[in-house]
Amino acid sequence: MLIDVKDIHCHFKNVHALNGVSLSVDAGEVVVILGPSGSGKSTLLRCLNALEDIQSGEINIDGYMIDKNHHDIHEIRLEVGMVFQQFNLFPHLSVLENVNIAQRIVRKRKKDECTSVSMKLLNKVGMADKIDAYPGQLSGGQKQRIAIARALAMNPKIMLFDEVTSALDPEMIGEVLEVMQQLAREGMTMLAVTHEIGFAKEVANRIIFLDHGQILEDTTPDQFFSNPKTERAKDFLAKVL
């Protein structure tokens with residue numbers, strides 16, 4: 001398995017955001033995480049990338065470990081790419097510079113190699129014609145595709161997507177989901193928090209349903225959407241379908 005999470009707990013003051021979460025993910029799986037607001041979905045993703053501390057339990061990603069003592073955080077962040085709801089692009093840098101910068105600083109690549117990698121990925125996400133543009137000149141969907149290219153430029157083994165379409169206008173959602181679907185077809189290991197039910201049905205290998213920081217269901221999309229086992233999941237689906 002590529003990801004192994006064992007009994008992790010994450011607290012924010014009086015909030016028990018993750019309460020004994022355990023799961024494993026094999027290479028090439030696409031896992032969609034569903035649940036109501038405040039259920040711990042984004043916190044789980046952020047823990048997998050060591051952006052939030054866990055108070056107990058452990059996370060093992062391809063042989064590297066995160067626990068309360070912060071083992072292997074740098075190594076894990078090189079293995080795991082993350083794309084956020086907000087694009088987090090540098091406004092003073094061009095599209096090409098935004099995709100180049102982490103490669104140069106973190107991966108220590110030379111400029112020509114960075115540019116070669118960036119151009120390949122910008123072409124992949126349909127943004128090669130915007131290399132000299134700045135984020136302020138782009139639509140939300142274009143910014144999000146650049147954010148995906150930037151994450152992919154680090155050669156991650158795992159991609160995490162945290163509500164990447166929720167800030168977009170409806171007509172822009174499809175172009176971002178199309179890039180994610182392409183990554184799934186190519187075998188990228190992905191965990192995605194999303195409200196895009198069509199994407200979950202079509203692309204996911206597994207659905208994880210969270211509520212109050214606990215995994216209530218971990219099953220196939222067919223099983224989850226046609227015959228959920230818990231009353232909480234049935235209630236959730238009745239509101240979103």
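The values are calculated or read from the model by the stated rules, or taken from the named source; none is laboratory data. This structure is a prediction, so every number in the text was calculated from the model and none was measured. Cβ: placed from backbone, ideal geometry, glycine included. Neighbour counts: every protein chain shown. The protein model used for the area step is the full one, side chains on, heavy atoms only, and it has no ligands, DNA or RNA in it. Shrake-Rupley method; radii C 1.70, N 1.55, O 1.52, S 1.80 Å.
List the relative contact order of the range 109-241 as a percent without decimals, with contacts defined as Cα pairs under 8 Å and 6+ residues apart.
It rounds to 16 percent for the range 109-241.
Ignoring aspartates and glutamates fewer than eight residues from K68 along the same chain, the ones with Cα atoms less than 17 angstrom from its Cα are D4, D7, E52, D53, E58. Sites counted here are trypsin sites (Lys or Arg not before Pro) in a DSSP loop (not H, G, I, E or B) having no more than 11 other Cβ atoms within 10 Å; the longest part of the chain that contains none of them is 111-241. Summed over all non-identical Cα pairs, the Kirkwood treatment of the chain gives a radius of 18.5 Å.
Placing dummy labels 7 Å off each Cα toward the beta-carbon, the span from K108 to F90 is 2.0 nm. Per residue, the chain exposes an accessible area of 47 Å² to a 1.4 Å probe, with every protein chain left in place.
Please state the charge dipole magnitude for the range 1-142, taken about the Cα centre, from unit charges on C-beta atoms (+1 on K and R, -1 on D and E), reported in debye and rounded to the nearest 20. Show your work: numbers first, answer last.
Details: 15 positive and 17 negative charges, 103 e Å.
Dipole magnitude for the range 1-142 comes out near 500 debye.
Rolling a 1.4 Å probe over the protein heavy atoms of the range 162-232, with every protein chain left in place, gives an accessible area that is 44 percent carbon and sulfur. On a 0 to 90° scale, report how tilted helix 111-124 is relative to the longest principal axis of the chain, with both axes built from alpha carbons and the result rounded to the nearest 10. For helix 111-124, the angle is close to 60 degrees. Among rounded, prolate and oblate, which fits the range 191-241 when a ≥ b ≥ c are the square roots of the eigenvalues of its C-alpha gyration tensor, a/c under 1.5 means rounded, and a/b larger than b/c means prolate? Judged from the Cα gyration tensor, the range 191-241 comes out rounded (a/c under 1.5). Here the Karplus curve 6.51 cos²θ - 1.76 cosθ + 1.60, taken at θ = phi - 60°, turns the phi angles of the range 65-72 into couplings of 10, 10, 9, 5, 9, 6, 5, 6 Hz, with x standing for Gly and Pro.
Taking the DSSP bridge list for the chain and keeping only pairs wholly inside it, about 55 percent are antiparallel.
Remark: spin-label model distance K13-K68 equals 2.2 nm, labels positioned 7 Å along the Cα→Cβ axis. With axes computed from alpha carbons, what is the tilt in degrees of helix 231-240 against the longest principal axis of the chain, rounded to the nearest 10 within 0 to 90? Helix 231-240 and the main axis of the chain meet at about 40 degrees.
The 1.4 Å probe gives accessible areas that order H9, H92, H16, largest first, as H92, H16, H9.
I need the shape label for the range 75-115. Rule: rounded when a/c is under 1.5, else prolate if a/b > b/c, else oblate, with a, b, c from the alpha carbon gyration tensor.
On the way: a/c = 2.65, a/b = 1.05, b/c = 2.52.
Oblate is the answer for the range 75-115, as a/c is 1.5 or above yet b/c matches or exceeds a/b.
One Cα centroid belongs to the range 70-149, the other to the range 12-48; the line between them spans 25 Å.
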